[in-house]
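The structure appears below as C-alpha cells.
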Amino acid sequence: MSLRAVLLLAFAAQAHAFVVPALPRVAGARSQARGLGIAMRSSGTPLLGGGTGPASMMQRSRSSSLVQLRSSAADATPPVQEIDKRKLTLWFAATCAQVGAFTAALTILDTLAEWGTMMIDPMAAQVLAIVFFASMSLKSRTLSMLDATRPTKQSVEKELRPKWAPPGIVFPIVWTTIGVLRTISSVLIWEAVGRKFLCGPLLLVLAHLSICDTWNAITVGEKRKGSSIAAFPLVYLSAAAVVGVYCTYLPLAGKILAPSLVWFTIAGTLIFQTWQLNGKAALLPYIGDGLGGDDTSTLVVDAESPPVA
C-alpha cells in the first residue's frame, strides 16, 4: 500500500469521527426550527419580510409617530370663530332706539316749553332747557337699552395702564367739567335756533351721547376691550361733529365745547395703550367668546361722572 493511500484512509477516519457525533445536534436544530415555523404560522405572525425585522419595526414606529403628529396638529388648530352678528345688531339697534327716545323727548319738550311760555313765564322754558341738557349730559344712560355701567376705582386698578395714565380721581372731575360745558353750549344753541328743542345740532349732541352710552356698555358692561377700540372712532368723530356744527350755528357755543376734544384725544390714546398692555383682545365680538360679564374698564367716554371713590 502506497503512502498516498495510507494518508487518505487516515483523513477519512478523522472526518467520520467528527461528523457522526454532530448529526444528532443538527437534526435537533432542524426539528426545533420546523416547530417554531409551524407555531408562527398558526398565530398569524409573518416569518420573513413580514414586519419582524429591525427595518420593519422602524417603519412601524415612524408611521405611528406620523399619525400622532397629525393628530396633535389637528388638535392644535384653533376652530374657526364666527362673528357675533346678533351682538353687532343689538348695539346698533340700541343706539338707534336711544336716539329715537331722545327725539320723542325733544318733541315733548317743545310742547311743554311753548305751553310754559304762554301760561306761566318765559323763564320757565329756559329753566326747562337747562335742567334737560344738564341731566342728559350727566345721566343720558337712563334712556339706553344697554347696561352702560360705569367703572369703579377698584376695577380701574385691575388693569395694566401706561405709566403716564392720570390717577382715577381725575376722570370724574374731567367728565363733570365736560358735562357743564356741554350744558352751557347746548342752551346757547337752543337760544340761537329760536328756542326749539327738536333741531339738528341738539339732536346731534344727543346722538353723540347715545354712541357714548353704547360704547360704555361694550367696554364696561361686556368687558370687550377690543370692540371698545374698534368703536372709539365713532365716539371721537361724533364729538368732533358736535363741536363743528355748534361752531356753525353759534361760534361761541363751539368754542365752549371745543376743549372736550382735547380730553377725547387723551382718552383715546390711553384706551389704545391700555388695550395693548392687556393682551390686545379681538376687535369684533365672536360667538362663544365668553365675554359679557360685569367686570369694568379703565375709562368712561361720556359726560357722566364715574363713581370713583
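The values are calculated or read from the model by the stated rules, or taken from the named source; none is laboratory data. Bear in mind that the values here come from a model prediction, so they are computed numbers and not experimental data. Backbone-built Cβ (ideal geometry, glycine too); neighbour counts: all protein chains shown. Ligands, DNA and RNA are excluded from the accessible area calculation, which covers all protein heavy atoms including side chains. Shrake-Rupley method; radii C 1.70, N 1.55, O 1.52, S 1.80 Å.
Overview of results
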{"item": "Scan of the range 230-272 for residues that are closer than 19 Å to residue 161 by Cβ, touching a Pro at 6+ places or on another chain (Cβ under 9 Å) and among the small types (Gly, Ala, Ser), ordered by number", "result": "268"}
{"item": "Selection count, the range 257-285, where residues are closer than 27 Å to residue 84 by Cα, surrounded by fewer than 15 Cβ atoms within 10 Å (Cβ to Cβ) and in contact (Cβ under 8 Å) with a residue 60 or more places away in the chain", "result": "1"}
{"item": "Index of the failed condition, residue 243 passing every other in (1) open to solvent by less than 40 Å² (accessible area, probe 1.4 Å); (2) within 27 Å of the chain's Cα centre (by Cα)", "result": "(2)"}
{"item": "Selection from the range 198-240 of residues that are among the β-branched types (Val, Ile, Thr) and open to solvent by less than 20 Å² (accessible area, probe 1.4 Å)", "result": "205, 214, 218, 219, 220, 235"}
{"item": "Qualifying residue in the range 95-118 (condition: part of a helix (DSSP H, G or I), crowded, with 16+ Cβ neighbours inside 10 Å and modelled with pLDDT under 75)", "result": "yes"}
{"item": "Residue among 158, 163 that is open to solvent by 100 Å² or more (accessible area, probe 1.4 Å), modelled with pLDDT of 85 or more and among the charged types (D, E, K, R)", "result": "163"}
